[in-house]
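Take a look at the structure below.
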Ligand code: GLP
């Protein structure tokens, strides 16, 4: 794992956008795995700014998002499809037909199969962007007894409902289920970029980087991937975590 320590959320966002833009410039039809949540918002804003300045061209880019809530239509302001349209897709020259997000209204089993096949048909993911849940979830892969291999439906944990209900009118409105890429799907990405910001993620990041590799803390599996870059701000990187600028496993 390569760990890049930065001073602020803004710097994290800029560095992440640089890595994504470099990937697109190297391979214009890249398949990008994208994430939602508060953490990547700044990264998307930087990519929009790069596009406006003519530094990056999304015309051939394909995207696959990690996850979607069950029961929300694409028009629902809390859906991840809506988030991606508003934060990124509507502001760049990407072909909407090349943007993929699991369907929240389809038959669960069929949708998971379709999504997994879709990712394979695109040739797999070149660069997967990830945020980190407080309980170690990546995508919506919640702590479990086993690492889930493929795209699958999940029952969200209380900790995730607690963390994400801030984005809904009330806690009751927040869906209890979601569809997410599996740990296996994520681990097959050629390159992974994990972005983490804020003191509330400190313990989760320490366990991701240095803890035992266990399915009850899903992000720990990233230690086994051969090309992971972590960009984290000072607040998220604890001083006592034995980290230099760079850790190579
Ligand atoms: C959400 C998403 C994850 C995201 C995580 C952290 O539940 N499904 O993909 O990484 O929570 O979100 P945030 O960046 O808002 O802390």
- Quick one: is residue 93 modelled with pLDDT of 95 or more, under 20 Å from residue 48 (Cβ atoms) and in a loop (DSSP other than H, G, I, E, B)? yes
- Query: Which helices (runs of 4 or more DSSP H) sit wholly inside segment 101-215 and have at least 3 residues that are touching a residue at least 40 places away in the same chain (Cβ under 8 Å) and on the phi < 0 side of the Ramachandran plot?
  - Reply: 108-121, 183-187, 202-210
- Note on the structure: From the option list 41, 70, 10, single residue qualifying as touching a helix residue (DSSP H, G or I) at 6+ places or on another chain (Cβ under 8 Å) and either under 27 Å from residue 113 (Cβ atoms) or at pLDDT below 95 (or both) is 70
- In segment 26-47, the residues that are part of a helix (DSSP H, G or I), within 16 Å of the ligand (Cβ to nearest atom) and farther than 10 Å from residue 129 by Cβ: 41, 42, 45, 46
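State which residue is modelled with the highest pLDDT when the search covers only segment 130-155 and only residues that are more than 17 Å from residue 184 (Cβ to Cβ), near the ligand (Cβ under 9 Å from one of its atoms) and touching a helix residue (DSSP H, G or I) at 6+ places or on another chain (Cβ under 8 Å).
The initial filter retains those residues of segment 130-155 that are more than 17 Å from residue 184 (Cβ to Cβ), namely 131-135, 155.
Then keep just the ones that are near the ligand (Cβ under 9 Å from one of its atoms); that gives 131-134.
Okay, now just the ones that are also touching a helix residue (DSSP H, G or I) at 6+ places or on another chain (Cβ under 8 Å), so 132-134.
Working: 132: 98, 133: 95, 134: 94.
Going through the qualifying residues, I end up with 132.
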- Could you list, in sequence order, the residues of segment 107-123 that are touching a helix residue (DSSP H, G or I) at 6+ places or on another chain (Cβ under 7 Å) and surrounded by fewer than 13 Cβ atoms within 10 Å (Cβ to Cβ)? none
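The values are calculated or read from the model by the stated rules, or taken from the named source; none is laboratory data. Given the structure is predicted, the values throughout are model-derived calculations rather than measurements. Backbone-built Cβ (ideal geometry, glycine too); neighbour counts: all protein chains shown.
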